[in-house]
């Protein structure tokens, strides 16, 4: 009887340990995903601020553009090198948004999304103004 109780307790302890390890792994993946999203958002901001590139360099693009081109400066990365994560950048015209400080000059909304197996892990958004 003591052996049955011991193994039952051991099984419960292993189950709890496995669930805790999964939660830690999920938190780590979310943290890495946010870093990858911020990294790409900073690249877009750097292009916007670069006097050789500026606002016009950052094109309107869908999240699914796949090949670097004039209309796709930030192609879909599936997967991000060395990971099982996907990074996409969507850039839309936000000139009509109430958040745009000068609608006549133009604004762009940038959404950087990191996903794993179709599930969103991180999202960074920023507004670029043509000032």
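Kindly provide the helix-only [θ] at 222 nm of the chain, computed as the sum of -39,500 (n - 2.57) over DSSP H runs of four or more divided by all residues, to the nearest 500 deg cm²/dmol?
It lands at -14000 deg cm²/dmol.
What is the distance in Å between the Cα centres of the range 99-115 and the range 48-86?
Rounded to whole Å, the Cα centres lie 15 Å apart.
Counting only C-alpha contacts under 8 Å and six or more residues apart, can you give the relative contact order of the chain as a whole percent?
Reported relative contact order: 21 percent.
Report the Stokes-Einstein translational diffusion coefficient (µm² s⁻¹, integer) for the chain, Rh taken as the Kirkwood radius over Cα pairs, at 4 °C with viscosity 1.567 mPa s.
The calculation lands on 75 µm²/s.
Running a GNM on the chain with Cα contacts under 10 Å, which residue among 11, 45, 85 ends up with the highest mean-square fluctuation?
In this elastic network of the chain, the residue with the biggest mean-square fluctuation among 11, 45, 85 is 11.
Which of 112, 16, 58 moves the most in a Gaussian network model of the chain with Cα springs under 10 Å?
16
Just to confirm the number: angle between the C-alpha axis of helix 2-49 and the first principal axis of the chain, 0 to 90 degrees, nearest 10?
10
To the nearest whole percent, what portion of all C-alpha pairs in the range 72-131 is separated by more than 12 angstrom?
When every Cα pair of the range 72-131 is considered, 67 percent fall beyond 12 Å.
What is the ratio of the Cα radius of gyration of the range 43-109 to 2.2 N^0.38 Å, where N is its residue count, to two decimals?
Working it through for the range 43-109, the quotient is 1.23.
Pick from 86, 98, 67: which residue has the top mean-square fluctuation in a GNM of the chain where Cα pairs under 10 Å get a spring?
Fluctuation is largest for 98.
Coordinate-derived values only; no laboratory data. Only a predicted model underlies this, so the values are computations on that prediction, with no experimental measurement involved.
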